[in-house]
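J.: Below are the structure tokens for one structure; questions will follow.
The values are calculated or read from the model by the stated rules, or taken from the named source; none is laboratory data. The structure displayed is predicted, hence computed values, not measured ones. Quick reminder, even Gly has a Cβ in these numbers, built from the backbone with ideal geometry, and neighbours come from all protein chains shown.
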Amino acid sequence: MFEFINDEDERGQVGIGTLIVFIAMVLVAAIAAGVLINTAGFLQSKGSATGEEASAQVSNRIDVVSAYGNVNTTSEIVDYANLTVRQAAGADNINLSKSTIQWIGPDKALTLTHNDTAANDTEFATESIKGDNTDVLVDQSDRIKIVMYAGGSNESGTGLNDGITAGLSAGDEVQLTLTTQYGSKTTYWATVPESLKDKNAVTL
């Protein structure tokens, strides 16, 4: 059953062969371990970065405190929509100049970007109500007003409603989605009251 090798030269060759196989196995195991360690490190860093981004998207949100519309008493339409916003609890600094607002309804869908001077057909403006910045929410006590032009233009056919309604009429509803630089989204439904007669401003 067992073969005994009595020749000393042959015994030495078998030992060297075994040693070579053993060293090869150690090298393969070391290489595999190195690959596993590198892969684990990459996955850990990737997972950490993904977790931070996901956490930022959830926590760095905007809260809408109130909303109102400026009424054009001559035509009885809302020509400017205004939102007062603040940081959500636990949020970092939110730069509204790097944020966007998606306006949907009643006759048009647009994505508004920030304008440093005044609101127009495709851009919104910001004004400081409380705090030191006009476009950055630093503390939860800060309040910034977002101004959006809703009036449109009867002649050129431009504006949020493409000149169809030339503003927001009584009973109109608009969906506003505010997206911060972190990717977090806040949706607010602005609804115009059923009557605008003899009013300069209305709650939305």
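J.: Yes or no: Lys98 surrounded by fewer than 18 Cβ atoms within 10 Å (Cβ to Cβ), without any contact (Cβ under 8 Å) to a residue 24 or more places away in the chain and among the charged types (D, E, K, R)?
T.: no
J.: To continue, here is another question. Within the stretch 108-133, which residues are under 20 Å from Val174 (Cβ atoms) and polar (S, T, N, Q)?
T.: Answer for the stretch 108-133, where residues must be under 20 Å from Val174 (Cβ atoms) and polar (S, T, N, Q): Thr111, Thr113, Asn115, Asn120, Thr122, Thr126.
J.: Would you mind stating whether Asp107 is surrounded by fewer than 16 Cβ atoms within 10 Å (Cβ to Cβ), at pLDDT below 85 and out of contact with any strand residue (DSSP E or B) (no Cβ under 9 Å at 6 or more places or on another chain)?
T.: yes
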